[in-house]
Amino acid sequence: GAGPGRAVAMGQQEPGGAPGEAAAGPAEVRLSRRRWAVVLLFSSYSLCNAFQWIQYGSINNVFVRFYDVSAFAIDWLSMVYMLSYIPLLFPVAWLLDRRGLRLIALAGSALNALGAWVKLGSLKPYLFPVTVLGQVFCSLAQVFILGMPSRIASTWFGSHEVSTACSIAVFGNQLGIAVGFLVPPVLVPNVEDVEKLAYHISIMFFITAGVATALFILVIIVFKEKPLHPPSRAQALILSRPTEEYSYVQSILRLLRNVNFLLLMVSYGLNTGCFYALSTLLNRMVLHHYPGEEVNAGRIGLTIILSGMAGALISGIWLDRTKTYKQTTLVVYIMSLVGMIVYTFTLSLTHLWVVFVTAGMLGFFMTGYLPLGFEFAVELTYPESEGTSSGLLNVAAQIFGIAFTIGQGQIMDRFGTKAGNLLLCSFLFLGTIMTAFIKADLRRQQANLDNEQT
């Protein structure tokens, strides 16, 4: 529902129920109108950052020729995102808990813009190290972005819309990858003349830098720490807890002793790692079977993502309605495996439309799984910080992403694309088995229910 009066809409920064008030009963629960602006703005700079992740990989062959480096070197421009995330996640998650959402949002959008401007200095073939540096800044920005969706959702949104809000926040990243598949092949055609190529690349880099800068300015203006009133009972409870009790290291150790969460963490990592490898290597896979089809390779990537966004939104709404976390997660995982098998065996049939259909089916379930994993994790680990649980999920995803990208790339070079895709199928099968063993211990649901009864 729409939030009450203008005062709330302005969302002044005031503590949401100091510990002293807790005794008198939790703070009043209300929704702020600003919440949609906050989640859409986050979604937008997350989009811009994800675009910068895949903008090289989606035209891998063009950048290989422009910078005169190996395909593996261009793959690293994608893997650097995964690599920098692993050591930096914990310091950033700690900052999120200590300093709050606004600082993290400012840092993420600022680094994203900085990376985009640095890339503008890499428009000569011998300046590959500069483009690497720009991509490193963007990869740092991503650390400040990936763990945010579930935190934004629970800080700003009511219990009946929290999964939908999380889906919208994850959406931006997916849409960015989609744009990253669609736009670079169109803006940067595979022309012979290096001068012309540099000109086309410069247009892409300039547009990106302009958009990233505009979004950073908007974050400064629009993004507030938290709404005036807590949006749900579960959130009011967290706000009424004294902060001294909370130890970050203890929280991580508790999570790593939670067997259900560990199973989810590994199975989430396997699924998302497959998705990262598939995205990074897609241009190479499609061009191997369909030479000269750069633009269609990008469109196939776009199809994977767009159908995945539909899957993510549907699964978010379905979770808010049914609360069937375990069942939904398992069904979607099984379908990801089926989709991957079908994609693997139809890629070489020399009919491009078949690849579009199978890639779309694969994307619907594989990407539809992302917000499911986040929300299921928050349920299994409440009242631990959402930033910590989703951060651990992301670390697993990045580790498997790097391993699968390198492994599948090497197998593709030696044994062909089918062998590389079968590697992913086997790991998705493993993930499906693990998902089946997770017990649905829904702690956040229980907290909301207990509160309604009291």
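Among the residues of the stretch 403-449, those that are closer than 30 Å to Lys323 by Cα and either part of a loop (DSSP other than H, G, I, E, B) or not assigned by the TED database to the domain that holds Val378 (or both) comprise Phe437, Ile438, Lys439, Ala440, Asp441, Leu442. The residue that is nearest to the chain's Cα centre (by Cα), counting only those in the stretch 333-367 that are among the small types (Gly, Ala, Ser) and closer than 19 Å to Gly420 by Cα, is Gly363.
Here Glu384 clears all of (1) in a helix (DSSP H, G or I); (2) surrounded by fewer than 24 Cβ atoms within 10 Å (Cβ to Cβ) except the condition numbered (1). Take Thr303 and decide whether it is touching a Gly at 6+ places or on another chain (Cβ under 6 Å), in a helix (DSSP H, G or I) and open to solvent by 20 Å² or more (accessible area, probe 1.4 Å). Spelling it out, Thr303 is indeed touching a Gly at 6+ places or on another chain (Cβ under 6 Å), in a helix (DSSP H, G or I) and open to solvent by 20 Å² or more (accessible area, probe 1.4 Å).
Given the criteria more than 30 Å from Leu101 (Cβ to Cβ), open to solvent by 10 Å² or more (accessible area, probe 1.4 Å) and hydrophobic (A, V, I, L, M, F, W, C), does Phe400 qualify? Considered against the rule, which asks whether it is more than 30 Å from Leu101 (Cβ to Cβ), open to solvent by 10 Å² or more (accessible area, probe 1.4 Å) and hydrophobic (A, V, I, L, M, F, W, C), Phe400 comes out as no.
When we screen Leu264, Leu282, Leu313, Leu278 for residues that are open to solvent by 10 Å² or more (accessible area, probe 1.4 Å) and either part of a helix (DSSP H, G or I) or farther than 21 Å from Phe356 by Cα (or both), the only hit is Leu313.
Given the structure, is His160 farther than 24 Å from Ala37 by Cα and open to solvent by 10 Å² or more (accessible area, probe 1.4 Å)? The answer is no for His160. The set of residues from the stretch 43-66 being out of contact with any Leu (no Cβ under 7 Å at 6 or more places or on another chain) and open to solvent by 10 Å² or more (accessible area, probe 1.4 Å) comprises Ser43, Phe51, Trp53, Val64, Arg65.
Per the conditions (1) touching an Asp or Glu at 6+ places or on another chain (Cβ under 7 Å); (2) modelled with pLDDT of 85 or more; (3) among the aliphatic types (A, V, I, L, M), the sole criterion not satisfied by Val357 is (1). The number of residues in the stretch 67-110 that are closer than 29 Å to Thr155 by Cβ, out of contact with any Phe, Trp or Tyr (no Cβ under 7 Å at 6 or more places or on another chain) and surrounded by 20 or more Cβ atoms within 10 Å (Cβ to Cβ) comes to 6. Phe345 passes every criterion in (1) open to solvent by 10 Å² or more (accessible area, probe 1.4 Å); (2) closer than 30 Å to Phe90 by Cα apart from (2).
Counting the residues of the stretch 425-443 that are open to solvent by 60 Å² or more (accessible area, probe 1.4 Å), among the hydrophobic types (A, V, I, L, M, F, W, C) and over 11 Å from Asn260 (Cα atoms) gives 4.
The values are calculated or read from the model by the stated rules, or taken from the named source; none is laboratory data. Small disclaimer: the values here were computed from a predicted structure and weren't measured. Here the Cβ is made from the backbone with ideal geometry for all residues, glycine too, and neighbour counts use every protein chain on show. These accessible areas exclude ligands, DNA and RNA; they are computed on the full protein's heavy atoms, side chains included. Shrake-Rupley method; radii C 1.70, N 1.55, O 1.52, S 1.80 Å.
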